Amino acid sequence: MINFSDEFSKNILNWFARCQRNLPWRKDVSDYSSFISEFMLQQTQVKTVIPYYNRFIEKLPNWKSLAFASEKTVLKLWEGLGYYRRVKNLKKSAEIIVQHYNGKLPDQFDEIHKLPGVGHYTAGALLSIVYKKPYPAVDGNVIRVFSRIFEIKNPAKSTSLTQEVWKRASEMLPPYDPGNFNQALMELGALICIPKNPRCLVCPVQKHCQSFHHGTQSLFPSTTVKKKLVPTYMISVLLKQSNRILLRKISNQASWFQSLWEFPTYTDKNFKRAIAKAEKDLDVQIDRNELLLLKFYITKHKVTLKLFNADFHNPVIFKKDYRWIPMKSLAQYPLAKAQNQIRDFILHTFQKIQKKILKRKK
Ligand code: SF4
């Protein structure tokens, strides 16, 4: 007699074979392509990752090219994808793999897990997809699917729910096709068992789903109270010297954007304090008329950022981590998303001024 796990695996694997999305990292699977895609997909949606992945693989097609590339090159390829700590980890991992593993991803859990930025999920995903080893890979999609199928009552985002799903995923894993089974579960969560209004009528595991039978899909995973957003105030300072603009490399290890570049930026409890901090640190006089206002979110922070022009007293103080960049070279420096918007604003404004000057000359 066919048991629950066997029938479940058969149904979901058949569905995956028919309905999986055509994604670039699913063609010609290799240890390198899977590693890059898994890193890019951490906290980031598939449709956002695709163009980044294609560009990255074209420029840096193997472990060696990544290990020997400059950090600036890798950051530039990553620019706009967010969570920039991944870049450092990715590059460091490539260096370790080239130096210690002869340019091949190790195939033991402990060795993969030790690589920088590789957590439990990524190690399981790589081992099952690349080496077809029977390790589960539980991401947010799998947690939602399993919590509905088994009506697991533990609160959403709790450690106890994650542990329960890992346990069940290990028990259900078919030894003959663990990589596709893991991917099929994630794909089911992305396409069918979606957060709101799951598409149960076309679900390949509907028969096995307790939530479907009891009509309780909307109750799982049990919702938690939403965390409050923290209002955060930032100012960026625009400093010009003839045709050059001052950029600063972010060296603070605790920063979300470590190793990227920025127009000198300061964060504080309010704008007044941030301006005072900037004036003291840079020895500048900030013009209080803001040039640009941006609003965006970073993790639990609701950020309001203002750009101000400033006059400086002493250019000599801009030494370590600071660089005067010719306007035409600004685009070569990797910046976070909001800083990119500032750069576009500056270049646009500068072009308008240039046009006016040219017109006057004519
Ligand atoms: S039947 Fe519905 S709730 Fe159950 S796994 Fe499928 S899509 Fe999700």
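The values are calculated or read from the model by the stated rules, or taken from the named source; none is laboratory data. Note that the coordinates shown come from a computational prediction; the quantities given were computed from them, not determined experimentally. Here Cβ is always computed from backbone atoms with ideal geometry, including for glycine, and neighbour counts include all displayed protein chains.
Of note:
- Number of the exception - Met172 against (1) within 24 Å of the chain's Cα centre (by Cα); (2) over 16 Å from Phe39 (Cβ atoms): (1)
- Filtering segment 185-205 to residues that are without any contact (Cβ under 8 Å) to a residue 60 or more places away in the chain, surrounded by fewer than 18 Cβ atoms within 10 Å (Cβ to Cβ) and either over 28 Å from the mean Cα position of the chain (by Cα) or not in a loop (DSSP other than H, G, I, E, B) (or both) leaves Cys200, Leu201, Val202.
- Breaking point among (1) within 16 Å of the ligand (Cβ to nearest atom); (2) within 19 Å of Arg21 (Cβ to Cβ), for Cys209: (2)
- Residue that is part of a helix (DSSP H, G or I) and under 16 Å from Met234 (Cα atoms), where the choices are Ala310, Ala338: Ala338
- Sole residue being farther than 30 Å from Pro195 by Cα and among the hydroxyl-bearing types (Ser, Thr, Tyr), chosen from Ser93, Ser160: Ser93
- Inside segment 249-266, residues that are modelled with pLDDT of 95 or more and among the polar types (S, T, N, Q) make up a count of 1.
- Conditions (1) among the aromatic types (Phe, Trp, Tyr); (2) over 29 Å from Ile194 (Cα atoms); (3) within 18 Å of the chain's Cα centre (by Cα); number of the one not met by Trp78: (2)
- Note on segment 120-154: residues that are within 16 Å of the ligand (Cβ to nearest atom), within 18 Å of Arg26 (Cβ to Cβ) and hydroxyl-bearing (Ser, Thr, Tyr) total 0.
- Taken as a whole, the condition of being over 30 Å from Leu219 (Cα atoms), in the same structural domain as Leu188 (by TED's automatic domain parsing) and touching a His at 6+ places or on another chain (Cβ under 9 Å) applies to Pro106.
- Failed item in (1) under 21 Å from Gln217 (Cα atoms); (2) aromatic (Phe, Trp, Tyr); (3) without any contact (Cβ under 8 Å) to a residue 24 or more places away in the chain, with Tyr176 passing the rest: (1)
- Options Ser222, Ser218; residue that is over 30 Å from Thr265 (Cα atoms) and more than 10 Å from the ligand (Cβ to nearest atom): Ser222
- Screening segment 229-254 for residues that are without any contact (Cβ under 8 Å) to a residue 40 or more places away in the chain and farther than 24 Å from Gln285 by Cα and picking the one that is surrounded by the fewest Cβ atoms within 10 Å (Cβ to Cβ) gives Ala254.
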